[in-house]
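Beneath this line is the structure, given in structure tokens, with notes to follow.
The values are calculated or read from the model by the stated rules, or taken from the named source; none is laboratory data. Keep in mind the model is a prediction, meaning the values are calculated, not measured. Ideal geometry is used to build each Cβ from the backbone, glycine not excepted, and the neighbour counts take in all protein chains shown. Heavy atoms of the whole protein, side chains included, go into the accessibility calculation; ligands, DNA and RNA do not. Shrake-Rupley method; radii C 1.70, N 1.55, O 1.52, S 1.80 Å.
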Amino acid sequence: MVDGKKNKVYGQNLCYLAKLFPDQKTLYYDVDLFLFYVLCECDNLGCHMVGYFSKELSDMTAIKVEDILTTLQSLELIQYRKGRHLICADPKVLDRHLKVVGRGGLEVDVSKLIWTPCTEQS
């Protein structure tokens, strides 16, 4: 998780990167009110960003685990097995999402995906 208030330039650069894709229409210069969740794939060369999503914050709201689960469920990228939620990047589902936005398939080595949810700090 990247806090736009603490990492302003990084957040702005994520917004610039998103402008490369036609479905992203808004460019935010003021990223102080955003949290960015970055999904990375790790291999022997290091970790590489695969995608991200952002959530606008206000004094009254904050991103919740339910927000992440709902988003991943709507994209069919999460499954509930043996009492745990698991991110399952099925190649067929990924290909379908990529075709919707006008790009071809993408090979993802699921064994290299590592995600640890953020825990609240006191």
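At pLDDT 80 or above and closer than 24 Å to Val108 by Cβ, is that true of His85? No; evaluated as a whole, the condition is false for this residue. For Glu56, state whether it is touching a Phe, Trp or Tyr at 6+ places or on another chain (Cβ under 7 Å) and either modelled with pLDDT under 80 or open to solvent by 60 Å² or more (accessible area, probe 1.4 Å) (or both). It is true that Glu56 is touching a Phe, Trp or Tyr at 6+ places or on another chain (Cβ under 7 Å) and either modelled with pLDDT under 80 or open to solvent by 60 Å² or more (accessible area, probe 1.4 Å) (or both).
Residue by residue, here is whether (1) at pLDDT below 75; (2) open to solvent by 90 Å² or more (accessible area, probe 1.4 Å); (3) assigned to a loop (DSSP other than H, G, I, E, B) holds:
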{"position": "Cys15", "(1), (2), (3)": "no, no, no"}
{"position": "Tyr28", "(1), (2), (3)": "yes, no, yes"}
{"position": "Met49", "(1), (2), (3)": "no, no, no"}
{"position": "Met60", "(1), (2), (3)": "yes, yes, yes"}
{"position": "Gln73", "(1), (2), (3)": "no, yes, no"}
{"position": "Tyr80", "(1), (2), (3)": "no, yes, no"}
{"position": "Arg96", "(1), (2), (3)": "no, yes, no"}
{"position": "Cys118", "(1), (2), (3)": "yes, no, yes"}
